[in-house]
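Here the structure is laid out as structure tokens; the discussion comes afterwards.
Read the figures in this text as sums done on the coordinates, not as results from a lab. The shown structure was predicted, so the numbers you read here are calculated from the model rather than taken from an experiment. Glycine also receives a Cβ, built like all others from the backbone with ideal geometry; neighbour counts cover every protein chain displayed.
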Amino acid sequence: MTNIKQVCIVILFCFLYLTNNAQVALENKNELLQNINSRNKESLNGLWQIIIDPLENGYYNHRWTPREEGFFVNKKMKKPSDLIEYDFDSDYQLTVPGDWNSQMEKLYYYEGTVWYKKTFDYHDVEAVKNYLYFEAINYEANVYLNGEKLGTHIGGYTPFQFDVTNKLKNKDNHLIIKVDNKRKREAIPTINTDWWNYGGITRSVHLVSVPPEHIQDYSIQLSKGEINSIEGWVKLNNTHDDDTIKIKITELGIDINTKVKKGIATFKVNAKPLLWNPQKPKLYTVNITSKHDKISDQIGFRTIETKESKILLNGKPIFLKGISIHEEAPFNSGRVTTKEECITLLKWAKELGCNFIRLAHYPHSEAMVREAEKMGFLIWSEIPVYWTVLFDNPDTYLNAENQLSDMISRDKNRAAIILWSVANETPESDSRNLFLKKLTKKVKALDEVRLVTAALDTQKGNDNNHIIEDPLGAYVDVIGINSYCGWYGGAPESCANWKWINHYKKPMIMSEVGAGALQGLHGEANERWTEEYQDEVYKYNIEMMRNIDFLAGASPWILMDFKSHRRHLRRIQNDFNRKGLISEKGIPKKAFYRLQKFYLEEN
Ligand code: GCB
């Protein structure tokens, strides 16, 4: 009897586990509109009214229970005796997109809640569906339209949207967002990072109008391992069977129709595209037409694989001459907010001789990825699973997985992206190994074509012998190694003698290597913070890299000096991590030319 009872309990648990998981999968299902910039939309960028609310007084009352009428109702005084202790319209303003820290002196170090309000009219167009689309808000956003809560989004670097069809008025819609960038131990990223926690609506906001039955998403690329066939799928927002989708790539003579089944149309077609590569980043105009909607994209085609220690682009080994980049605005500091700023950073990477960029340590804007693709950069894109996150917390895992799915969903049509990275410098433990193993599997489930990687810093051995045997090596396709010989350990000249032993027959990228220098500070090669010291570190690390026969590339740390809360040395750092090869004012340091020379000599 007891046995039967036990078996029943086990079955019940299995059932609950499975149904629960299925639900999680459903909740995670990504329904984001693909290719937001070619949709019909109005911009909600510009000046927004704000209220700085460190105590979250606009949300909680004095008993710390949520108010029924928080700031999100945008209450106004009607008669002189009314008591309303806030007024968006007579308060401060901030520009969107943009972080608050670099826009207002009093918010420089601020971490907490800021309420944002935008008032807008809506010019009624019949028979459309409307979405509010947010390219990114750091970190938690609670969004209200005309007093009604639309939802919450967590994660500072990925897009999200709400369906607001029939919720808009012709005049004076008020969109109110409670933005909270408080760091939390269980969050992704966690409390401790080496970059500035820029808060706010950091990327653009759009009001999108699409036909009621529209193209939601699509994926178009070369078939895995083939160069003569293009395949993909197009997903509608409804599930009418038998609608027809037309896919046209005029330059390739492709003009095909495919039938929708349960909301999705798939296709595979023979083609001989010119393959996208850094020298010739060829993009094709792809037109997709459904019964009621049409959209156009620029898509490149290439293959990416590994063979033992090599990375093969279009079947041929390539050495990734890279540089790491933070999404930090050149000249102004603060978050990058314009396409021009992306282009400035990318032009510097070009001048350095790069064919590869590591977009650290979180998904960068779609503009950055698209501009990089046009300029022929291969890209490493990553999520902020950085240092010591709570690996044994299931919610932390779900958060990481959501950010990963959103990153892949947004950029899955970008030929430039070859590597999805799941983590940076995470300490080995059973829970960490399991967490990251699951993430690598998730990458493969979402994208079977691109490669998965992680930046590791656990190298065993002694001063001269560095052994790569992190268990995560078994799950990634390419091993990233962050190593700071000459800066955090070892004298610069010792670096040339460092030997690397790889327990995995896989390519390795030196995903970080570098040293700090204050641009314009000169001295002896053994004097910290001088350009000469940084140059010396590069000199010997380059020698070291030349001796690693399984090295498939490098993305030294980092293109430009960037703001970090960890950098306190006032006369040198002044809140900047100084490992840039270029200062925040755009002036190259000596080491820039050292790396440039290396890249010119490498084939
Ligand atoms: C690292 C981190 C990077 C830091 C860098 C540094 O290993 O991955 O985020 O900024 O070191 O400068 O210490």
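Would you mind classifying segment 226-302 by shape? Square roots of the alpha carbon gyration tensor eigenvalues, ordered a ≥ b ≥ c; an a/c under 1.5 is rounded, otherwise it is prolate if a/b is larger than b/c and oblate if not. Prolate. Potential lengthening of the chain between LYS597 and HIS123 amounts to 165.0 nm, from the contour at 0.36 nm per residue minus the alpha-carbon distance. Taking the centroid of alpha carbons for each part, segment 420-475 and segment 257-312 are 29 Å apart.
The aspartates and glutamates within cross-link reach of LYS268, meaning a Cα-to-Cα straight distance under 15 Å and a gap of 8 or more places when in the same chain, are GLU226, GLU231, ASP255.
As a proxy for reagent exposure, ranking ARG358, ARG185, ARG63, ARG335 by other Cβ atoms within 10 Å from fewest up yields ARG63, ARG185, ARG335, ARG358. Applying a DSSP loop filter and a limit of 16 other Cβ atoms within 10 Å to the trypsin sites (Lys or Arg not before Pro) in segment 508-575 leaves ARG528, ARG566, ARG570, ARG571.
Placing unit charges on the Cβ atoms of the charged side chains and taking the dipole of the chain about its Cα centre, the candidate lying farthest along the positive direction among ASN74, ASN192, GLY473 is GLY473. The dipole here belongs to the chain: it is taken about the Cα centre, uses +1 on the Cβ of Lys and Arg and -1 on the Cβ of Asp and Glu, and is about 900 debye.
Which percent, to the nearest 5, of DSSP beta bridges fully inside the chain are antiparallel? Expressed as a percentage, antiparallel bridges in the chain total about 70.
The fewest-to-most ranking of HIS174, HIS568 by surrounding Cβ atoms within 10 Å reads HIS568, HIS174.
When shorter helices are ignored and each DSSP H run of at least 4 residues is given -39500 (n - 2.57), the per-residue value for the chain at 222 nm works out to -6000 deg cm²/dmol.
Do any chymotrypsin sites (Phe, Trp or Tyr not before Pro) in segment 570-603 lie in a DSSP loop with no more than 13 other beta carbon atoms within 10 Å, and if so, which?
The qualifying sites: there are none.
Computed about its Cα centre, the charge dipole of segment 31-210 is approximately 180 debye, with only Lys, Arg, Asp and Glu carrying charge at their Cβ. In this structure, LYS268 and THR338 have a Cβ-Cβ separation that, at R0 = 41 Å, corresponds to a calculated FRET efficiency of about 0.60.
Which of ASN314, GLY514, SER564 sits closest to the plus end of the dipole of segment 305-601, meaning its Cα is farthest towards the positive end, when Lys and Arg get +1 and Asp and Glu get -1 on the C-beta? Positive-end residue among those listed: ASN314. Across the options ILE177, LEU451, VAL164, the greatest Cα extent toward the positive end of the charge dipole of the chain (unit charges at beta carbon of Lys, Arg, Asp, Glu) belongs to LEU451. For segment 462-527, what does the alpha-carbon gyration tensor say about shape, rounded, prolate or oblate, given a ≥ b ≥ c as the root eigenvalues, a/c under 1.5 as rounded, and a/b over b/c as prolate? Since a/c reaches 1.5 and a/b is larger than b/c, the shape of segment 462-527 is classed as prolate.
When CYS485, CYS495 are sorted by how many other C-beta atoms sit within 10 angstrom of their C-beta, beginning with the fewest, the order is CYS485, CYS495. Amide H to amide H, with H built 1.01 Å from N, GLU56 comes under 5 Å of THR113, counting only residues 5 or more places away or on other chains.
Its Cα centre serving as origin, segment 305-601 has a Cβ charge dipole (Lys and Arg +1, Asp and Glu -1) of approximately 480 debye. Between LEU83 and SER38, what's the calculated FRET efficiency when r is the beta-carbon distance and R0 is 56 Å? Round to 0.05. The calculated FRET efficiency here is 0.70.
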